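Okay, so here's the structure we're looking at.
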Amino acid sequence: MDWPHDPDGEQGSEGRRQYGHAVLAKKIDEEEDFPLRSADYVEQFGDHPVRIDYETVVSVAEIFEYVDQAEFDDFVEFHQELGRAMREGGYWFYEGADAFVDGSA
């Protein structure tokens, strides 16, 4: 795909140091951008790449296909809905601490 910037550049994953949620969050200013409308975010950043893992890059618009909220009042609400949407869309692979602990400790 022809992205408006390098998915792994400073506007993207910063050399693969940031993935998914972090890439989406750094595009907004917590102090100035709220309330934030989903449609406005997608209009401004929809074609931007988001690195999900070492081999997967999707657009902001693809992730927002799973976002149900039309507007976010604050940064916490934005994070919560984006996390839910990414899990629903199969873009969130964290399995939780229980997946790595057998409980015998």
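The values are calculated or read from the model by the stated rules, or taken from the named source; none is laboratory data. In this text the structure is predicted, and so the values were computed from the model without any measurement. Virtual Cβ from ideal backbone geometry, glycine too; neighbours counted across all protein chains shown.
Per-structure values
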quantity	calculated
Failed condition for residue 45, given (1) within 10 Å of the chain's Cα centre (by Cα); (2) buried (at least 18 other Cβ atoms within 10 Å of the Cβ); (3) closer than 16 Å to residue 10 by Cα	(1)
Residue 64 vs. criteria surrounded by 14 or more Cβ atoms within 10 Å (Cβ to Cβ), within 12 Å of the chain's Cα centre (by Cα), closer than 23 Å to residue 9 by Cα and modelled with pLDDT of 95 or more	yes
Residues of region 42-61 that turn out to be among the aromatic types (Phe, Trp, Tyr) and at pLDDT 95 or above, as a count	0
Any pair with Cβ under 6 angstrom, 6 or more apart, that starts in region 26-51 at a residue that is without any contact (Cβ under 8 Å) to a residue 24 or more places away in the chain and ends at one that is surrounded by 12 or more Cβ atoms within 10 Å (Cβ to Cβ) and among the acidic types (Asp, Glu)	none
